Amino acid sequence: MEHLIRFTTAEGIDGTHMAATLDEAVAFAERIRNTEGATEVRLHRLTEVPIEFKPYYRIEVGAVDAGEHHQPSPPAHLPAAHGPLAPSALDHEGHSGDVHADGDPQGTNGRRLFSRVT
């Protein structure tokens, strides 16, 4: 287990030192206190804290005019949707084919909004 020694030198500069064992840490602390005049010598035992990195998704929205509301029109090949999905927007198995509630197959920003898998 590693140990950390924090100290202040005789000149008033803060310092740190890492030692692999407790004996090495004690020996270093004694040396800097007795031969170099260090003050405020502190010894800390270090234990590893397990961490895990996970994906994080962040949504960024571009600038939008506050007074202007954009209602995308449905593509010419799809009927306008009224409600969650227009019945004619469903394929023969009842899937939406990634059609958004407003009839836009890829959402207002050109990206697919969702995908349904059954």
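The values are calculated or read from the model by the stated rules, or taken from the named source; none is laboratory data. Source: prediction; values computed, not measured. Cβ sites come from the backbone with ideal geometry, for glycine too, and all protein chains shown count toward neighbours.
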Failed condition for residue 48, given (1) at pLDDT below 60; (2) charged (D, E, K, R); (3) under 30 Å from the mean Cα position of the chain (by Cα): (1)
Filter result (of a type in the set (D, E, K, R) and either in contact (Cβ under 8 Å) with a residue 24 or more places away in the chain or in contact with a Leu (Cβ under 9 Å, 6 or more places away or on another chain) (or both)) within region 34-52: 36, 40, 42, 45
